[in-house]
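Please read the structure below before turning to the comments.
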2 protein chains.
Amino acid sequence: MSTTAVEVSYRFPPGVDARRQAQAIAVGQTAGSWDERFRHREAQLRGYLAEVVAVEALPDGAHLARVRFPLANVAGEIGSLLTMIFGKYSLAGPAKVVDLRLPADYGLRPKLGLRGIRERLGVQGRPLVMAIFKPALGLSAQDHAEILREVAFAGLDVIKDDEILPDLPEAPTLERLRACRPVIEEAARATGKELLYAVNLSGRADQLLAQARRLVAEGANALLLNVLPYGYAVLEALAADPQIDVPIFAHPALAGALCGAPDYGLDYGVVLGTLMAHAGADAVLYPAHYGSLPFAAATEAQIRDRLRARGVFPVPSAGIHPGVVPRVLADYGPDVVLNAGAGVMDHPQGPAAGVRAFFEALERAVPGEPFRLEELPAGPLRAAVERWGGF
Amino acid sequence: MSTTAVEVSYRFPPGVDARRQAQAIAVGQTAGSWDERFRHREAQLRGYLAEVVAVEALPDGAHLARVRFPLANVAGEIGSLLTMIFGKYSLAGPAKVVDLRLPADYGLRPKLGLRGIRERLGVQGRPLVMAIFKPALGLSAQDHAEILREVAFAGLDVIKDDEILPDLPEAPTLERLRACRPVIEEAARATGKELLYAVNLSGRADQLLAQARRLVAEGANALLLNVLPYGYAVLEALAADPQIDVPIFAHPALAGALCGAPDYGLDYGVVLGTLMAHAGADAVLYPAHYGSLPFAAATEAQIRDRLRARGVFPVPSAGIHPGVVPRVLADYGPDVVLNAGAGVMDHPQGPAAGVRAFFEALERAVPGEPFRLEELPAGPLRAAVERWGGF
């Protein structure tokens, strides 16, 4: 990995003159062209040009072009990076950013990350169990506290707001935190560890940053950000703020709009892996391939590896229930957050049983070996496998 | 237009069960499902559900589904709006947001907009002429000032940094402004109007907002923001800040990643029209269909109309040179900013002649009637038409 360059791989679909387009990127997304008036600046200007490193034909007739940009062209954050690698060019026709290699010290690292989150919880050597407040909208602050009570005393590690719950007059964010904070403390005395509650942020950038500080000052011990709807720049501001000394959970909302199309946008691995990991997220949620979302195992693995390489906690989500725990263990080992919505809250015996079913699954699971219903004793895990299956 | 709802049109490609998917959006992107434990909250919860208003088959086998969301589900800004209408669902497979209807008072309006920009310049009844500093990277602050001198004294209305120029140590943003500010003042005394210089913003959200305030305090009279790389939330923060009492020019960098694909993401009209206009931009740049970018005239017209409906200045860009002025006048009338990069800076007789060629074009043009080279007297316009053609 170069320490002075940003290297980008673009895939052009069949029929596109990839070499020509790559060259257009190398010039058009950097210094551009100049005429004789700038001959005296020639050496200087050349230093800002990008370079087409390789163009490779793929079996399906598409082409992969690697372009190397000078690190000096960007400001060390994600905004100018995105503008350089794909800003205006994204408007020029089909092309997809399929890889992005940044110097290791580009951008930010997590303040807490995988290790810091484990330390806060005092939990080592096993996956964390995470749940989501449901229903997503329409509950009062007190409703949240009551749901939290059930799962917190059952030993849950992390809970988050649903990402679609912003700061609404019916259940203001700060009130939800205030209602939940005493429950967290009470449960911590009972369980010996403090559950993390990732409170969802919303508002204009200035309001959102002020809200985050206020929440942390009032005892929030984790935050949730819809990074793409609000902007990587907002995540970076939170991550760089010493007052925000709690982990930031990054949600992938809207990622499909950037990454879903085969010939446009950027790969999921870039948006949810590389960029999140260089923008300072402590934990990143993304679709698991266990569930119903059209997500490939290889894509999931790529995101996982890029996050872990920078100490970020991977949080595969959607389709997570106790029955998939043996698969998750095979794919991830212990360093993973098991994020379940329905898989906790809709357990036939209630949310507390939903949490216990996960812990039972973690105790009994042999990585890669499905649970067999007939071997499970009566209890939360068996009820979960009856409901959602093994894998 | 409803005052209590957000209405979204989704297009699903052939083969997708549009009614089923629209229903999944109406429930899954709002309150979700709930069980008997929440029966006592039933009425409350129902109030947050969205509703599928219509599903319509299109001639190509695709379907259009209209979903109406309660306004109460969102926080009055773009971040929670995007999360609600397309956050998690964007990950679920092919679907495109092709229309978005918001209450008129949703979000922000421009602080200055079309009228305010005209007032600042003292220019009424004709298009504004705008140029871009070129080369984009590699010039010193002093180089910028020298280029500015040429075009400012020729009567240029607006100039902007190239969007890929962030705050770099070789030409810090503040230094560029400080070098250019005296030229602006000197030229204003000569021409009788103050040229607007839209200075490009960069940095983490907190840094960018602080930079914007600092620049304005030091005399910046316009700002440029790459809205999508940095986030609508950043634009909203700038637009809502009373200290930022200068127009904000919104650049469309990265829009193709969200809008280019036929079956994923959001339409250009939503991203560059509706959302920019409700996020507080004063002027919005977007591709013109006159140039080489694959942009349809109908798309351009849609953006134009949505911006103007909220008093935002439309700035069609790319492929703008003096020869297209008759077409632009036919398409836009006088309320348009003619934004030319090469079309000013690469004029055969130099940038000042590039500016004069535009003013000559505005004087001579009959809307919709191409210039005929043989009818043009020698001078900047004729040289421009010789170089770039009529239309």
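Coordinate-derived values only; no laboratory data. These numbers were taken from a predicted model, which means no experiment stands behind them. In this analysis, Cβ positions are derived from the backbone assuming ideal geometry, glycine residues included, and neighbour counts consider all displayed protein chains.
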If the cut-off is 21 Å between C-alpha atoms, which lysines fall inside it for B:Lys193, apart from same-chain ones fewer than 8 positions away? B:Lys111, B:Lys160
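Quick one: order A:Arg364, B:Arg189 by neighbouring beta-carbon count within 10 Å, fewest to most.
Neighbour counts put them in this order, fewest first: B:Arg189, A:Arg364.
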Whole-angstrom gap from the range B:334-391 to the range B:36-81, using each part's C-alpha centre: 50
Look at the axis of the rotation that sends chain B onto chain A, then give the chain B residue with the nearest Cβ and the distance in whole Å. B:Gly231, 1
How much space per residue, in cubic angstrom, does the convex hull of the C-alpha atoms of the range B:268-348 take up? 83
Over the range A:149-231, consider all pairs of different Cα atoms and compute the Kirkwood hydrodynamic radius from their mean reciprocal separation; express it in Å, one decimal. 13.2
Quick calc: nm separation of the 7 Å Cα→Cβ label points for A:Glu36 and B:Thr3 -> 6.6
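Just to confirm a number: summing +1 for Lys and Arg and -1 for Asp and Glu over residues other than B:Leu195 whose beta-carbon lies under 13 angstrom from that of B:Leu195, what do you get?
With Lys, Arg at +1 and Asp, Glu at -1, the neighbours total +1.
Less than 12 Å Cβ to Cβ from B:Pro252, Lys/Arg counted +1 and Asp/Glu -1: what total charge do the surrounding residues give?
Details: positive: A:Lys88; negative: B:Glu163, B:Glu300.
Value of the local net charge: -1.
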Size of electric dipole in the protein assembly as shown: Cβ of Lys, Arg +1 and of Asp, Glu -1, about Cα centre, debye, nearest 20: 200
Ranked by GNM mean-square fluctuation in chain B (Cα springs under 10 Å), the top entry among B:Asp105, B:Asp263, B:Asp282 is B:Asp105
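Could you please rank A:Thr83, A:Thr274, B:Thr3, placing first whichever residue has the fewest other Cβ atoms within 10 Å of its Cβ?
Fewest-to-most ranking of A:Thr83, A:Thr274, B:Thr3: B:Thr3, A:Thr274, A:Thr83.
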Just for the Cα atoms in the range A:80-232, what are the lengths along the principal axes, largest first, rounded to whole Å? 56, 40, 27
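Which order do A:Tyr230, B:Tyr197, B:Tyr232 fall in if you start with the one that has the fewest other Cβ atoms within 10 Å?
The most exposed by this proxy come first: B:Tyr197, B:Tyr232, A:Tyr230.
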Could you let me know the centre-to-centre spacing of the range B:304-329 and the range A:187-224, using Cα atoms, in angstrom? 45
Measuring from a point 7 Å out along Cα→Cβ, what nm distances, shortest first, does B:Arg213 have to its partners in the other copies? 0.9
Taking only the alpha carbons of chain B, what extent do you get along each of the three principal axes, in Å, biggest first? 79, 47, 34
Under the convention of a label 7 Å out along Cα→Cβ, give the distances in nm from B:Glu186 to the same position in every other copy, shortest first. 7.3
Could you identify which residue out of B:Gly32, B:Gly125, B:Gly311 has the top mean-square fluctuation in a GNM of chain B using Cα springs shorter than 10 Å? B:Gly125
How would you classify the range A:184-252 from its alpha-carbon gyration tensor, with a ≥ b ≥ c the square roots of the eigenvalues: rounded for a/c under 1.5, else prolate if a/b is greater than b/c, otherwise oblate? prolate
Whole-number D in µm²/s for the range B:290-389 (Stokes-Einstein; Kirkwood sum over Cα pairs; 10 °C, 1.306 mPa s): 115
What is the spread of the Cα atoms of the range B:113-162 along each of their three principal axes, largest first, in whole Å? 36, 20, 14
Inter-part gap, Cα centre of the range B:123-172 to Cα centre of the range B:268-300, in whole angstrom, is 22
Considering the Cα trace of the range A:27-142, what is its radius of gyration and what is Dmax, both in angstroms? 22.4, 71
Give the whole-number value, in cubic angstrom per residue, of the convex hull volume spanned by the C-alpha atoms of the range A:256-299. 79
Gaussian network model of chain A, springs between alpha carbon atoms under 10 Å - residue of A:Ala233, A:Ala57, A:Ala131 with greatest fluctuation: A:Ala57
Per-pair calculated FRET efficiency, R0 = 35 Å: B:Glu51 and B:Ser292 via Cβ, rounded to 0.05: 0.25
Cα-based reach from A:Lys96 at 20 Å (exclusive), listing aspartates and glutamates while leaving out same-chain residues under 8 positions away: A:Glu7, A:Asp17, A:Glu51, A:Glu56, A:Asp60, A:Asp263, A:Asp267, A:Glu300, B:Asp263, B:Asp267
Please give me the summed charge of the neighbours of A:Arg68: other residues whose Cβ is under 10 Å from its Cβ, Lys and Arg +1, Asp and Glu -1. 0
Hey, how much of the P(r) for the protein assembly as shown falls beyond 51 Å, as a percent of Cα pairs? 15
